[in-house]
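The structure under discussion appears below in the form of structure tokens.
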Amino acid sequence: MSAALANQPPLRARADGISIRDVQMVYRRGVQTTTALAGCNLEIPAGSWVSLIGASGCGKSTLLRILSDIVQPTSGQALLGGLTPTEARAERRFALVSQHAVMLPWRKVLANVELGLEVARVPKAERRRRAEEAIEMVGLRGFERAYPSELSGGMRQRAAIARALTLKPAYLLMDEPFGALDELLRDRLNFELLRILEETKATLLLVTHSISEAIILSDKVVVMSPRPGRITQEIDIDFGHNRSPAIRDDPRFGRLESELRHALGHSMGDEHH
Amino acid sequence: MSRAWRIGGPTGVLLSLLALWALVTGLGWVDPLVLPSPVAVFGVFWNQPWLMATNAGITATEAIIGLILGNACGLLLAIIFVSSASGRRAVLPLAMAAQAVPIVAVTPALIIGFGDGMEPKILVATFLVFFPMLVNGMRGLRSADAEVGELMHSLDASAWQRLWMVRLPAALPFIFTALKFSACSSFVAAIVAEWVAANKGLGYLIVFAGSQYRSDEVWAAVLIGTLSSMILVGLVVLLERRVMPWANDPTEGLT
Ligand SMILES: Nc1ncnc2c1ncn2[C@@H]1O[C@H](COP(=O)(O)OP(=O)(O)OP(=O)(O)O)[C@@H](O)[C@H]1O
Ligand SMILES: [Mg+2]
């Protein structure tokens, strides 16, 4: 317990982490507008792990897309380590694992995993080594020479995760990366991810629909509600770092689960009024 | 579909057609001036192999050079058009208008300008295959998923990297569609251009032999022209399989 506390992430200067300030996102399609995010504020200290959880359509992916410079917010500001998403992208500070494991169909798994390093002009031998390491981590050994069309959905997801891991990003942005995996594999990869995060001291922003995954992978769970998308609650998970699968047996785990379920139900309940 | 059937099926159909051809000409159902017997037609290859081979070679050279030039120009222009909106606005209307020119009708003018050598035929073939490649290429270069574009964007890929790693590979199926189409039409273009004015090539042979009522030679020229363009299409298909191994349908061998 005290060891766990000693391993709490240091709350360092805000500029090092992810900072979302008054971010509003309104999608326009002709005359129709959708407020995907209405005034969101969130501070994620460097090296800490945050999950976004909430009903479908509450703007979780939108938030990640703003941070990865794919879309610009209508108003407000998002910063990664004090840099705007555009600057952070140019400096290759973050890696995005998007909701649909995106693969280039004409590249075999190995080449797909190497893609980010190839774009960053990392020498061939080095990128081969790092890609093989990442493929090993996600358990895709033996499939390096398969085409994406020959993989299952879960395998494609793992290849997409591997591609992000090769980049050793300071900020890891993951959108439901484990959605298509079975429970056991999901569990194994959850803790594998934690190990990598501890090793690289990366900051994690994860979107998930699984309450237990959110608890396992977070220092803080952010609950969002839809229409318009906004943050309704932030729940701290005080397990510290260096977690083991044993945290599931911790009495706090069950309490947090029901607290989160309640918070989620609440945010969903709002929707139906 | 078994391998034996893939080869044996078409061969069987071909042999049946040949038998039918021999039958109708042998029984005298058609005027031999319209359709001579297969023996007469194949006899031309036997008696004048050199005449057939050289003329087919000339036409094939024109068709292939036209094919390469036209497709290269078409693809290059497609790349420019999808990369630069201003380039597209300036040149695309012109390219569209050029497509409306009945090039075969312009051939006599080309002959006046370039003489009766190979150049005008190559030009006609080039012109005819250029536009399908431009249109297909533009569609293909834009065909990658938006999400793939977002991935490349988040990886901070340069325009060249996107072209090389995403746009061109995504365009390959479209490029090959255009290539397969133009492998045939480049032959047609070369032969038609040879009709107008030439002293060699299959088109010339057809016109010349036809004017002297030597229909066996006409049909021999048609046959070798068909065969040559089939070989060219076959080569394109082989190339397609080699270049796009990911697109090979894994269920193909099963059905
Ligand atoms: N490109 C777009 N154009 C218009 N509206 C969009 C666009 N992208 C998202 N939206 C809208 O914004 C809202 C939030 O979408 P978003 O994808 O961020 O939700 P989400 O929380 O990730 O949902 P899910 O859990 O289903 O993935 C939705 O109402 C959606 O319809
Ligand atoms: Mg989403």
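The values are calculated or read from the model by the stated rules, or taken from the named source; none is laboratory data. Values in this document were obtained by computation on a predicted structure and should not be read as measured data. Here Cβ is always computed from backbone atoms with ideal geometry, including for glycine, and neighbour counts include all displayed protein chains. These area figures cover heavy atoms from the full protein model, side chains too; ligands, DNA and RNA do not enter into them. Shrake-Rupley method; radii C 1.70, N 1.55, O 1.52, S 1.80 Å.
Of note:
- Cβ-Cβ under 7 Å pairs, at least 6 apart or on other chains, segment A:253-273 side within 18 Å of A:Gly229 (Cβ to Cβ) and open to solvent by 100 Å² or more (accessible area, probe 1.4 Å), far side acidic (Asp, Glu) and at pLDDT 90 or above: none
- Among (1) open to solvent by less than 20 Å² (accessible area, probe 1.4 Å); (2) more than 17 Å from the chain's Cα centre (by Cα); (3) within 16 Å of ligand 1 (Cβ to nearest atom), the one test that A:Leu110 misses: (3)
- Helices (runs of 4 or more DSSP H) contained entirely in segment B:158-255, each with at least 3 residues that are within 14 Å of chain A (Cβ to nearest Cβ) and open to solvent by less than 20 Å² (accessible area, probe 1.4 Å): B:168-196
- Against the numbered list (1) at pLDDT 95 or above; (2) within 16 Å of ligand 2 (Cβ to nearest atom), A:Glu213 comes up short only at (1).
- Subset of segment A:55-78 [within 12 Å of ligand 2 (Cβ to nearest atom) and open to solvent by 40 Å² or more (accessible area, probe 1.4 Å)]: A:Ser56, A:Gly57, A:Arg65
- Candidate set: segment A:49-65, residues that are within 11 Å of the chain's Cα centre (by Cα) and polar (S, T, N, Q); chosen: the one farthest from ligand 1 (Cβ to nearest atom): A:Ser51
- Selection count where residues are out of contact with any Leu (no Cβ under 8 Å at 6 or more places or on another chain) and within 17 Å of B:Phe42 (Cβ to Cβ), scope segment B:17-29: 7
- Odd one out for A:Ala160, checked against (1) more than 16 Å from ligand 2 (Cβ to nearest atom); (2) not assigned by TED's automatic domain parsing to the domain that holds A:Met224: (1)
- Restricting segment A:232-252 to residues that are part of a loop (DSSP other than H, G, I, E, B) and free of Cβ contacts under 8 Å to residues at least 60 places away in the same chain, the residue that is least open to solvent (accessible area, probe 1.4 Å): A:Ile237
- The requirement of being within 20 Å of A:Leu197 (Cβ to Cβ) and either modelled with pLDDT of 95 or more or assigned to a loop (DSSP other than H, G, I, E, B) (or both) is not satisfied by A:Leu104.
- Any chance A:Gly81 is within 13 Å of ligand 2 (Cβ to nearest atom), away from every other protein chain (no Cβ under 14 Å), in contact (Cβ under 8 Å) with a residue 60 or more places away in the chain and open to solvent by 10 Å² or more (accessible area, probe 1.4 Å): no
- For segment A:163-200, taking the residues that are open to solvent by 20 Å² or more (accessible area, probe 1.4 Å) and within 16 Å of ligand 1 (Cβ to nearest atom), the one that is modelled with the highest pLDDT is identified as A:Glu176.
- Qualifying residue in segment B:156-175 (condition: aromatic (Phe, Trp, Tyr) and touching a residue at least 12 places away in the same chain (Cβ under 8 Å)): yes
- Candidate set: segment A:66-77, residues that are touching a Ser or Thr at 6+ places or on another chain (Cβ under 8 Å) and free of Cβ contacts under 8 Å to residues at least 60 places away in the same chain; chosen: the one farthest from ligand 1 (Cβ to nearest atom): A:Gln77
- A:Val97 vs. criteria in contact with a strand residue (DSSP E or B) (Cβ under 8 Å, 6 or more places away or on another chain), β-branched (Val, Ile, Thr) and under 12 Å from A:Ala160 (Cβ atoms): yes
- Residue within segment A:125-143 that is at the interface with chain B (Cβ under 9 Å from one of its Cβ atoms) and open to solvent by less than 80 Å² (accessible area, probe 1.4 Å) present: no
- Residue-level check: of (1) assigned to a loop (DSSP other than H, G, I, E, B); (2) open to solvent by 10 Å² or more (accessible area, probe 1.4 Å); (3) within 16 Å of ligand 1 (Cβ to nearest atom), A:Arg92 misses just (3).
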